[in-house]
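The values are calculated or read from the model by the stated rules, or taken from the named source; none is laboratory data. Everything quoted here is computed from the prediction, not taken from an experiment. Heads up, the Cβs are rebuilt from the backbone with ideal geometry, glycines too, and the neighbour counts pull from every protein chain shown.
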């Protein structure tokens, strides 16, 4: 898995460079911010001013771009590579601290009110450990919003696992497999919805909550 993950990281930064090559930075960022606002509204979650937020696997224009009233940690091992993209300007987001590291190596100094892992979880090297770290990083009662492409068909899931058809995503799973990962880590599934429908994959969104324990 380590070699597969390294290949995925190599391919990921090259994908971003190709994808953004002919996209004007201001127009792209305006479109992306409008998308994140719509995504948050559809999720039904509101963040209070000063909320502590983790954007895990943030990419060059993650949801951190739309949270100026919050205190955000944006984490991604490819941040040094994004620095070469005109679409990524950390100085435009003074409310955000950028952390160039993997989620597997992350140990936050304080707990978060809200965490996001959007279009990133199936890029991780050790997905079970990552979900456990996200659970630990949240305050009791805090929410994690996860979005990920999930397999619709069992046969295709096993085929993608055996052959490198999808090099960008080392982890291949269906909806029940993801939900099992979340509940085994201690999350309560508050909601799950299909955000987009595809031929082989559905793009699904989970709203997960860390339980508040009382004696």
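Computed values, structure above
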quantity	calculated
Flag for residue 99 being surrounded by 13 or more Cβ atoms within 10 Å (Cβ to Cβ), in contact with a helix residue (DSSP H, G or I) (Cβ under 8 Å, 6 or more places away or on another chain), in contact (Cβ under 8 Å) with a residue 60 or more places away in the chain and under 23 Å from residue 125 (Cα atoms)	no
Lone qualifier among 126, 166 - being crowded, with 16+ Cβ neighbours inside 10 Å, farther than 25 Å from residue 51 by Cβ and at pLDDT 80 or above	126
Qualifying residue in the stretch 51-71 (condition: loosely packed, with under 13 Cβ neighbours inside 10 Å and either closer than 20 Å to residue 209 by Cβ or within 16 Å of the chain's Cα centre (by Cα) (or both))	no
